[in-house]
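Colleague: Quick one: the structure is below, questions incoming.
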């Protein structure tokens, strides 16, 4: 089968990570896979090259509409003649739909990665262009329910296919590595009530509500956890505002900004708990990663978060924008004995192994591609992964 992915951009973010892992699985099944980005890609190019995935860019400028992209994409589709075009994220979804007016696409699948992809104009454009796609998918039950209720797509056309995760990236590296990372970042090596390390991973944007997280962290820290720390991995337009909040709360010595990191599994190995304070989400890859790394989690109950964090079993969920409740959940987790936190972490690992392992999720994509295209995809070829790090047999 010949599959063409279309995506807005390609950097270090959840949707891009998901497309990369799906490319890996499809190449293992002998599919021909090509990737088209609207703006020039900035991440994962080496990995895609090693997989044999050609990458094309429409060379659009970020934030500037360019109708010429429609005809560039149409030319690529004519040249590649894919069996399935699979677009991701709102801009690419709309572009692929409009392009279908100018070129034949046997199958067009559009994937949303969030419960909220913009305001009313984008939702109206989704409704207007809905006849131009065969299926719209989203990544969480809550997102599918919300899209159906808001009539962004008819119930018969919207499908649930959750994000998946490569569990092999999170094997658990053991105490020596953990102690080394904590020492690198200035945290006490021995974890305990007074040296608890929280990890947050994600772009510094309004949706993540980092100011709320910081206020909750400050409140929890004042309740008998003076040596606790918060590590924030990520970059974004709100960096300056978040830094100002840190200074205003007197947290300069306990909050570390780590920027964009390529070693998230190592950071998760070194942390004691994962924290997410988002106002809205789809199904965050980082929550799946935290579960895979056996980290207990405190998260807001938005999007698919409560589908990943089962309250009281592998962490705690609280309503969004509730500073006091978030702080109380953080205190509750920090107060637990280390053995109980390990138990929560293991239950999180068991949960993602059962429901979100990438091979399992890829099988659902394969079934959908086959159903819509009438083409068959080869069974997974384990030899494709020979010598590749992170292969899960």
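Each value in this text was obtained by applying a stated rule to the coordinates, not by laboratory testing. Everything quoted here is computed from the prediction, not taken from an experiment. No Cβ is skipped: glycine too gets one built from the backbone with ideal geometry, and neighbour counts run over all protein chains shown.
Colleague: Taking the Cα centroid of the range 1-79 and of the range 263-284, what is the distance between the two, rounded to the nearest whole Å?
Modeller: 26
Colleague: Taking a ≥ b ≥ c as the square roots of the Cα gyration tensor eigenvalues, with a/c under 1.5 meaning rounded and otherwise prolate when a/b beats b/c, else oblate, which class fits the range 22-86?
Modeller: In terms of gyration-tensor shape, oblate.
Colleague: If each residue's Cβ is checked for other Cβ atoms within 10 Å, how do 170, 102 rank with the fewest at the top?
Modeller: Exposure proxy ranking, most exposed first: 102, 170.
Colleague: While we're on this one: Set the Förster distance to 41 Å, then compute FRET efficiency between residue 124 and residue 47 from the Cβ-Cβ distance, nearest 0.05.
Modeller: Once rounded, the FRET efficiency stands at 0.65.
Colleague: How many angstrom lie between the C-alpha centres of the range 355-379 and the range 301-324?
Modeller: Spelled out, the Cα-based centre of one part sits 30 Å from the other.
Colleague: Here's a follow-up. Contact order normalised by length for the range 192-255, with contacts defined as Cα pairs under 8 Å and 6 or more residues apart; what percent is it?
Modeller: 45
Colleague: While we're here: How would you rank 60, 213, 180, going from fewest to most other Cβ atoms within 10 Å of each one's own Cβ?
Modeller: Ordered by Cβ neighbours within 10 Å, fewest first: 180, 60, 213.
Colleague: Given 0.36 nm per residue, what is the gain on full extension from residue 148 to residue 376 after removing their alpha carbon distance, in nm?
Modeller: 79.1 nm
Colleague: Report, in degrees rounded to the nearest 10, the 0 to 90 angle that the Cα long axis of helix 14-28 makes with the longest principal axis of the chain.
Modeller: Taking the Cα atoms of the chain, the angle to 14-28 is about 60 degrees.
Colleague: Express in whole angstrom the spacing between the alpha-carbon centres of the range 220-247 and the range 332-354.
Modeller: 23
Colleague: While we're looking at this one, here's another question. May I ask what percent, to the nearest 5, of DSSP beta bridges between residues of the chain are antiparallel?
Modeller: DSSP beta bridges in the chain are roughly 0 percent antiparallel.
Colleague: Please give the length that would be gained between residue 279 and residue 261 if that part of the chain were fully extended, namely 0.36 nm times their separation in residues minus their C-alpha to C-alpha distance (nm, one decimal).
Modeller: 4.2 nm
Colleague: Here's something else I'd like to know. Pairs of alpha-carbon atoms within less than 8 angstrom and 6+ residues apart define the contacts here; what relative contact order does the range 28-129 have, in percent?
Modeller: 22
Colleague: Let me ask something else. If you stretched the chain out fully between residue 12 and residue 343, how much longer would it get, using 0.36 nm times the residue separation minus the C-alpha to C-alpha distance?
Modeller: Gain on extension, residue 12 to residue 343, equals 116.1 nm.
Colleague: Still on this structure: If the elastic network links every pair of Cα atoms under 10 Å, which of 344, 249, 199 fluctuates the most in the Gaussian network model of the chain?
Modeller: 249
Colleague: Rounded to the nearest 10 degrees, what's the angle between the helix 323-335 long axis and the longest principal axis of the chain, both from Cα atoms, 0 to 90?
Modeller: Tilt relative to the chain: about 70 degrees.
Colleague: Arranged by the count of other C-beta atoms within 10 angstrom, fewest first, what order do 281, 50 take?
Modeller: Fewest-to-most Cβ neighbours within 10 Å comes out as 50, 281.
Colleague: Then there is this: Please find the FRET efficiency linking residue 30 to residue 79, where r is the Cβ-Cβ separation and R0 is fixed at 25 Å, and quote it to the nearest 0.05.
Modeller: 0.75
Colleague: For the range 266-335, just say rounded, prolate or oblate: build the C-alpha gyration tensor, square-root its eigenvalues into a ≥ b ≥ c, call rounded for a/c under 1.5, and beyond that prolate if a/b exceeds b/c, oblate if not.
Modeller: Since a/c reaches 1.5 but b/c is at least a/b, the shape of the range 266-335 is classed as oblate.
Colleague: Classify the range 102-230 from the C-alpha gyration tensor, please: rounded if a/c falls under 1.5, else prolate or oblate depending on whether a/b exceeds b/c.
Modeller: prolate
Colleague: Here is a further query. Report the label-to-label distance for residue 363 and residue 177 in nanometres (one decimal), using points 7 Å from each Cα along the Cα→Cβ vector.
Modeller: The two pseudo-label positions are separated by 2.8 nm.
Colleague: If you line up the long axis of helix 358-373 against the longest principal axis of the chain, both from Cα atoms, how many degrees apart are they, to the nearest 10?
Modeller: So the inclination is approximately 20 degrees.
Colleague: Normalising by the residue count of the chain, find the relative contact order in percent from Cα pairs under 8 Å and 6+ residues apart.
Modeller: Reported relative contact order: 17 percent.
Colleague: What FRET efficiency comes out for residue 243 versus residue 71 if R0 is 45 angstrom and r is the Cβ-Cβ distance? Round to the nearest 0.05.
Modeller: FRET efficiency, residue 243 to residue 71: 0.55.
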